[in-house]
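Report on the structure given below.
Laboratory data are not the source of any read-out in this text; all were calculated from the coordinates shown. Owing to the predicted nature of the structure, the values given are computational and were not obtained by experimental measurement. As a convention, Cβ positions derive from the backbone with ideal geometry for all residues, glycine included, and neighbour counts pool all protein chains shown.
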Amino acid sequence: MRTSLIALTALFSLPAFVSAVNVKPEPFKVAVTHPFYAEWVERVGGDQVDAVVVSEGSSDGLAKADFVYETGLDAEPWLDAAVSAINPKVERYVLTDGMPTLERGAAFWTEMDPPHSNPERLPPCCRKDAVESNAAWSELVKNIPMPENLEALGVEPEAIDPNVWFSVPNAMTAVVSINETLAEMDPEHADTYDRNTALYLEELTGLDGWVKSEIREVPAGKRVLVTDGNRFRYFARAYGLVSPIYSPAYQGIAFVEQMPGKSCALQEEDVYTLALPGGDKSIPYAELMRGNTLVIAEALEHAE
C-alpha cells in the first residue's frame with residue numbers, strides 16, 4: 001500500500017515538475033512611439049521583449065504594455081491622454097534624455113570646426129587641398145545665414161527638433177538607455193542585454209564611421225543640405241553639413257536659389273522615408289541611414 005501511495009504521488013507530481021521546467025516566461029510587452037525604437041528595443045532585448053509601435057491612431061498596444069519608450073520633446077502630444085485612458089500605471093521612458101538636442105532655429109554650423117583641424121601638420125602633398133577645403137568651408141558658413149523671421153515661416157526657433165534618429169550617435173545614446181532600463185526592469189537577464197547592446201553598438205559605430213567617410217568625399221564648398229521638411233538637421237550637424245531652414249514660404253526652391261553654386265535642395269521623396277509610426281516596421285535603421293547618405297552625398301557632389 002505504501003509503495004502504491006509513493007508511486008501515485010510521483011505520478012501526480014511529475015507533470016507539475018515537468019511543466020515548471022518547460023514554462024518559458026512571457027517576454028516584456030514594450031510599447032514604442034516610433035518604428036526605429038522597436039528595432040532598437042528588440043536588438044537589445046532579444047527574446048525577452050516584444051515591441052509594438054503605437055501612435056495617435058493606433059494606441060491599443062498600450063493596454064498590455066509593461067512600459068513605454070517615447071521621444072519626448074513634445075513629439076507625441078497625444079500620448080498623455082492615451083496612457084491615462086488605457087494604461088495609467090505603465091512606466092514611461094523618454095529616449096531623448098541625455099541627447100544633445102537641437103533647436104529648430106539654431107544656426108549650428110557657425111560653431112562647427114572646419115573640415116581639417118591642423119592642415120599645417122599634413123604632408124606637403126595634402127596640405128594645399130586641406131587649406132583650400134577649410135577656406136571653402138569658411139566662405140560657405142559666412143554666406144549662408146538662417147532666414148529672418150522664422151515664425152512667419154511656421155518655425156518656432158526655440159522649439160526642439162524631434163528628428164533625433166538621423167544622427168547615429170543619437171541612436172547609440174538611445175540604445176544605451178534602453179539597455180539600462182531593461183536591466184533595471186529585468187536584472188536576471190542584465191548580462192544578456194549587455195552583450196546584445198555591445199554587439200549592436202559595434203555595428204552602429206561602424207555605420208557612423210561609414211557615413212562620415214561618405215560625407216567627407218563631398219567638396220567642402222558644397223556641404224549644404226536643404227530639405228523642404230527640415231528633417232535632416234541632426235544628420236547635418238553630426239556629419240558636418242550646413243542646413244538652414246527651408247519653407248514653402250520661399251516659393252518652391254527660391255531660398256535655395258539665393259545661394260547659387262552652394263547648395264542642393266532634396267525633396268522628401270528623393271530620400272528614403274520612414275514608415276509611419278503604428279504601421280509596419282520601417283526599413284531597418286542601418287539600411288535607411290546608408291540609403292539616405294548615398295543620396296545626399298551624390299546630390300551634393302553634383303550641385304552646381
So if I take the centroid of the Cα atoms in region 218-240 and the same for region 159-183, what is the distance between those two points in Å? 20 Å
Rounding to the nearest 20 debye, state how big the charge dipole of region 120-197 is about its Cα centre with +1 on each Lys and Arg Cβ and -1 on each Asp and Glu Cβ. 660 debye
Averaging over every viewing direction, what projected area does the convex hull of the Cα atoms of region 62-114 cover, in nm²? 4.9 nm²
Please give the peptides 285-291, 150-156, 37-43 ranked by average Cβ packing (other Cβ atoms within 10 Å per residue), highest first, as a rough proxy for protection. 37-43, 285-291, 150-156
